[in-house]
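Inspection log for the structure reproduced underneath, given as structure tokens.
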Amino acid sequence: MRNERIGDYLVSQGLITEEQLQKVLATQKESNGAKKFGDVVVELGFMTEINFTKALAGKLRVQYVDLDNTDINTDAVQKVPEALARKHTVIAIAITGKRLTVATNDPVNFIVLEDIKVSTGMDTVPVLATTSAINKAIGKCYSMQNVDSVLEGVTAMASDLGGTMDEDANERVESAPIVKLATTIVENSFRADATDIHIEPFDKYTRIRIRVNGDLVELMNISAAVHSALTTRFKLISGMNIAEKRIPQDGRFTQVVDGTTLDVRVSSLPMVHGEKIVIRILSTGQIALRKITDLGMSDYNYQLFESMLRVPHGVILVTGPTGSGKTTTLYAALGEIAKPNVNVVTVEDPVEKAIDGINQCQVNQKAGMTFAAALRSILRQDPDIVMIGEMRDTETADIGIRAAITGHLVLSTLHTNDAASTVVRLVDMGVAPYMVATSLIGVIAQRLVKVLCPNCKRARMSTDEENELMGIPSSIQIYEPVGCPNCNNTGYRGRTAIHEIIHCTAKVSAIIAAGGGKEEIEAAAKANGTKLLRDNASELVQAGETSIDELVRSTFSV
Ligand SMILES: [Zn+2]
């Protein structure tokens, strides 16, 4: 009954439709009540977790808390034992007199609050937060205490050994402190939203840095004496040859952190003071669940992109430098168009994320399984939609475009600066202009820009020079980064994408077929309503989401 009321409330607020409500209730019924209403609404993509939680807070008249941007009091955290916090998905965030403020995803669950009251001897004030934010906060807050004790263990071990421990490294690898250290490094990196971990050996110490929002940030320094044991541990679990230390190797392993399975890629490279290990934390389950609407596309660009995806055959290209989120966009597009009645095949190098219901094929150069070879075989297997990880060479581009002309929808990426240059690049690669013109549905250029930390960004008026960069006539209030504990003193938190979409209308196609250059194509696209990357970045600066520095970095330096 309670669930039905939440559903009716959402419908009355216009947050979901009656039809969506019926779908949620039916799915919930199928699960025999094992699934919560909120989980199903999110799973089916009708609402985001945050929006649902905010709506629930509104209905229950409980305060909603954005844990990512809240200072969590460590004394409060320690009042609730970790096991209890994990069992009930709660985290204590503040103490006011004798009252403990507890973030929960289920504020009407009387038993949970009673449990905490008994355990802490304090009155509890529930506030509402999303399940994922609570799990992340639990991981972060309790593990900070763990890191200290892990490092103590490692330090004790290093001093026991005196000097270097190279000789016995293989035995030490299985020792508790090293195993814990390796696990903790991956855990903490994931919780800090890092994409890569660098373990760098120097003469006296080993530095561990992580890449967050595109920048390297120091995570910790450890004694040089344990370097060899730590690298051996990572090599061991990722399936490398631990006896071989003179040549580069690569491998992978999976680790579960806070309920998310991480696909971890490891590579080693011999350096002067030992092997440097770089660990890439690959797109977890989250990417597959990301919808196009979550990519940070403006409404305008989203409408355009969606209309392109509805074209039954042709080529859609996503372009941008390495690390600009091209693959995320492609996967989201595939998620949108992959239906049970179509055959979707991908050829990738590497397969970054396994997606249910899609046939994914891994390139293997050594075995002769190149993009072009894989593509030829795939086209014999009756595909409807083909995703090519990258059009790296002429042969691949040529096969891809021929496939589009013969009735397939082809999605791929290309390494170019902007949407218009992509067309020129294809022609430069040797694809005939008329074939590009006939097959191309559209091109999406993409960049990631850092989002200003909402906690510490500082307002000021823009200068004349900046107005020119933004393409606006007079000064407005903009924001600049400052730095605070919430953002690792970087001034930024998270990233969002900006896009530039050229839809190949009849006019644009005619220009391409006639061998038109970048300027001509861009002018026609602009007349047709294309907003350039710079226009999109400018909008973000004007909205206070990002800084002028980011506008310049993302749209000028290439
Ligand atoms: Zn900050």
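The values are calculated or read from the model by the stated rules, or taken from the named source; none is laboratory data. Quick caveat: nothing in here was measured; it's all calculated off a predicted structure. Using ideal geometry, Cβ is built from the backbone for each residue, glycine included, and neighbour counts are taken over all protein chains shown. Side chains are part of the model used for accessible areas, which takes the heavy atoms of the whole protein and leaves out ligands, DNA and RNA. Shrake-Rupley method; radii C 1.70, N 1.55, O 1.52, S 1.80 Å.
Annotations
- Tail fraction, Cα-Cα pairs, the stretch 399-442, threshold 11 Å, whole percent: 66 percent
- Overall dimensions of the chain, expressed as equivalent-ellipsoid semi-axes from the Cα gyration tensor (√(5λ), whole Å, largest first), are 41, 33, 25.
- Carbon/sulfur fraction of accessible area - the chain, other protein chains in place, 1.4 Å, %: 50 percent
- Dividing the alpha-carbon radius of gyration of the stretch 183-318 by the rule-of-thumb value 2.2 N^0.38 Å gives 1.35.
- The stretch between residue 66 and residue 366, if pulled fully straight at 0.36 nm per residue, gains 103.1 nm over its current Cα-Cα span.
- Debye, to nearest 20: dipole size of the chain, +1 on Lys, Arg Cβ, -1 on Asp, Glu Cβ: 680 debye
- Inter-probe distance in nm under a simple model that places probes 7 Å from Cα toward Cβ, at residue 155 and residue 468: 5.4 nm
- Estimated from the Cβ-Cβ distance and a Förster radius of 51 angstrom, the FRET efficiency linking residue 220 and residue 35 is about 0.80.
- Two-site label geometry, residue 9 and residue 354: point separation in nm, points 7 Å out along Cα→Cβ: 3.9 nm
- For the stretch 453-512, the convex hull spanned by the alpha carbon atoms encloses 140 Å³ per residue.
- Taking the stretch 316-436 and dividing mean pair separation by its residue count, relative contact order in percent (alpha carbons under 8 Å, at least six apart): 31 percent
- The alpha carbon convex hull volume per residue for the stretch 303-352 rounds to 104 Å³.
- Placing +1 on each Lys and Arg Cβ and -1 on each Asp and Glu Cβ, with no other charges, gives the stretch 419-558 a dipole about its Cα centre of roughly 440 debye.
- Ranking 80, 505, 438 by Cα position along the charge dipole of the chain, where only Lys, Arg, Asp and Glu carry charges on their C-beta atoms, puts 80 farthest toward the positive end.
- Calculated accessible area for the chain comes out at 47 Å² per residue, all protein chains present (probe 1.4 Å; ligands, DNA, RNA ignored).
- Antiparallel DSSP beta bridges within the chain, percent to nearest 5: 65 percent
- Förster radius 56 Å - calculated FRET efficiency between residue 298 and residue 84 (Cβ-Cβ, nearest 0.05): 0.80
- Cross-link pairs beyond the 22 Å C-alpha cut-off, checked among 276/353; 36/87; 326/450; 35/87; 136/276: 276/353; 136/276
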